[in-house]
1. Quick test for you: out of Val308, Val318, Val280, Val312, pick the one residue that is at pLDDT 95 or above, under 13 Å from the mean Cα position of the chain (by Cα) and not aromatic (Phe, Trp, Tyr).
2. Hey, any hits in the range 437-448 for a residue that's farther than 22 Å from Phe120 by Cα, modelled with pLDDT of 95 or more and of a type in the set (Lys, Arg)?
3. Only residues that are crowded, with 24+ Cβ neighbours inside 10 Å and small (Gly, Ala, Ser): list them for the range 6-34, please.
4. Residue pairs, Cβ under 7 Å, 6 or more apart or interchain, first in the range 106-118 and farther than 9 Å from Gln96 by Cα and assigned by TED's automatic domain parsing to the domain that holds Val68, second among the β-branched types (Val, Ile, Thr) and buried (at least 17 other Cβ atoms within 10 Å of the Cβ). List them.
5. For Thr246, are the conditions met, namely being part of a helix (DSSP H, G or I), among the hydroxyl-bearing types (Ser, Thr, Tyr), surrounded by fewer than 23 Cβ atoms within 10 Å (Cβ to Cβ) and touching a residue at least 12 places away in the same chain (Cβ under 8 Å)?
6. Quick check on the range 80-92. Is at least one of its residues of a type in the set (Val, Ile, Thr), closer than 21 Å to Lys11 by Cβ and in contact with a strand residue (DSSP E or B) (Cβ under 9 Å, 6 or more places away or on another chain)?
7. Between a first residue in the range 87-102 that is free of Cβ contacts under 8 Å to residues at least 24 places away in the same chain and a second residue that is part of a strand (DSSP E or B) and surrounded by fewer than 12 Cβ atoms within 10 Å (Cβ to Cβ), which pairs have beta carbons less than 8 Å apart while being 6 or more apart in sequence or on different chains?
8. So which residues in the range 9-57 are of a type in the set (D, E, K, R) and either free of Cβ contacts under 8 Å to residues at least 60 places away in the same chain or in a helix (DSSP H, G or I) (or both)?
Amino acid sequence: MESISIFDMLKIGIGPSSSHTLGPWRAAGRWIEELKAQDLFEEVASISVDLYGSLSLTGKGHATDIAVLLGLSGFDPVTFPTEKIEETITRVKTKQLLNFNSEKDIAFNCEKEITFHRKFLEFHPNGMTFNAILKNGKKQATTYYSIGGGFVVKKERKRAKKKGELFSHFPFPISKATELLAYCKAEDKSISEIVYENEKALRSEKEIDEKIKAIWQVMLESMYEGCHTEGTLPGGLNVHRRAFDTHKRLIGNTNYTNIEEWIAAIRSTEVKFRQILKWVSCFALAVNEVNASLGRVVTAPTNGSAGVIPAVLMYYLVIENHEAGFEEIKKFLLVSGEIGSLFKKGATISAAMGGCQAEIGVSAAMAAGALTEIMGGTPEQVSIASEIAMEHHLGLTCDPIAGLVQIPCIERNAMGAIKAINACEMALDSDPSKAKVPLDKVIETMWETAKDMNTKYKETSEGGLAVKVSLSDC
């Protein structure tokens, strides 16, 4: 059993896609590390990259080629300034020169050295091979797979095995929801408390708190930036950024100068049902408009679904509980991360494997369960909330127009956030002894549905809206 930290599920990165952007970026960095470990880095004379399957079919729209270049340049997606992306890529393309790992220049023609293959590799739809010609003429090639949420593996899953051995020290190893609930009952603890004990087996309490604060800060900043940025999203679809307009109507003439004052201003606004719906949608749209613009967001569990969890948590902070602070944020993220890991272990968080149910569906389940705990729900009600949220996303396809994370992806985050809140409310009113569908069963069902789903609805832009609406229509 591979145990997973919440910080594997909630990663800071750059949009627009965790599987098509963050994953390839990470894979490029990992390849460099392996070349250095084999004493081959200095021997590299030329580089080429082959992208397969979904990485090819929607790679341009998801900026896969850009991510590869930034990764090969040695930049970190957590810290690299997003405003420098355009000038960095332009420099590589115009000079046809790649500063490999920011250490040495190598001739690199992007049009020739990055090849998009429609072929699908057997192990996973998101395959990529990094090739190097060494100074002695020999070739070195390594294939990686971006399996969703920024996770990168080789076919033999050596990394997963290594992590599984490390995480076997978890005091509460978990592979199914039933095991998680059993621990809660036996230890008389909440889900967040059980998860926190596992995390403490990996790092200090101080480090856990610092990492959670960093994650929430990025979530906050992405909401703030999205609400205060107007214009049109890049990519050719001419999608108007709606969060700015919605936010302007909601906030009115209230004055503020920073994020803290902004939160206070929102708390002071009208909170009728209609306004609540608008605020939640605004938060989610804001994050995913930032994501679609190659901005910095948190995979939750993916970039394409990055808006659901921050929108629901922000809803709690500005609508439900004005006195809430870091402890509630911490509990929310601990629970959401653990629920996401259950779906990764039992199904998938990759749209290329399971359609959008694996992204928006999982994020809604994560948010619903987390909200239920901080709203006072029992562990059993947390499980019910997650089940309800996923049950009503089963079969959701991934059919992005022009391969961009814009239509229908951005709106789906708003819908997923609203569904998560509704699922929480239904769970809080539920008697767990009368629940009919266990969370584990809906996870199994999601995986069966993923396997049965036609490939053209799995992030290939070969079916659904992607073929009904084209760039020329926009």
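1. Numbers: Val318 fails: under 13 Å from the mean Cα position of the chain (by Cα); Val280 fails: under 13 Å from the mean Cα position of the chain (by Cα); Val312 fails: under 13 Å from the mean Cα position of the chain (by Cα).
Residue meeting the stated conditions: Val308.
2. Filtering the range 437-448 for residues farther than 22 Å from Phe120 by Cα gives 437-446.
Keeping just the survivors that are modelled with pLDDT of 95 or more gives 437-446.
Still in the running and of a type in the set (Lys, Arg): 441.
Scanning the range 437-448, I find at least one residue that is farther than 22 Å from Phe120 by Cα, modelled with pLDDT of 95 or more and of a type in the set (Lys, Arg), so the answer is yes.
3. Within the range 6-34, Gly13, Gly15, Ser17, Ser18, Ser19, Gly23, Ala27, Ala28 meet the criteria.
4. Hits for this filter: Glu113/Ile47; Glu113/Val49; Ile114/Val49; Ile114/Val68.
5. Values: part of a helix (DSSP H, G or I): yes; among the hydroxyl-bearing types (Ser, Thr, Tyr): yes; surrounded by fewer than 23 Cβ atoms within 10 Å (Cβ to Cβ): yes; touching a residue at least 12 places away in the same chain (Cβ under 8 Å): yes.
Yes, satisfied.
6. Yes, because at least one residue in the range 80-92 is of a type in the set (Val, Ile, Thr), closer than 21 Å to Lys11 by Cβ and in contact with a strand residue (DSSP E or B) (Cβ under 9 Å, 6 or more places away or on another chain).
7. Listed pairs, sorted by first residue: Leu97/Asp105.
8. Residues of the range 9-57 that are of a type in the set (D, E, K, R), as a first pass: 11, 26, 30, 33-34, 36, 39, 42-43, 50.
Across the range 9-57, the qualifying residues are Arg26, Arg30, Glu33, Glu34, Lys36, Asp39, Glu42, Glu43.
The values are calculated or read from the model by the stated rules, or taken from the named source; none is laboratory data. Here the structure is a predicted model, which is why all the values come from computation and not from measurement. Reconstructed Cβ throughout: ideal geometry from the backbone, glycine too, with neighbour counts over all protein chains shown.
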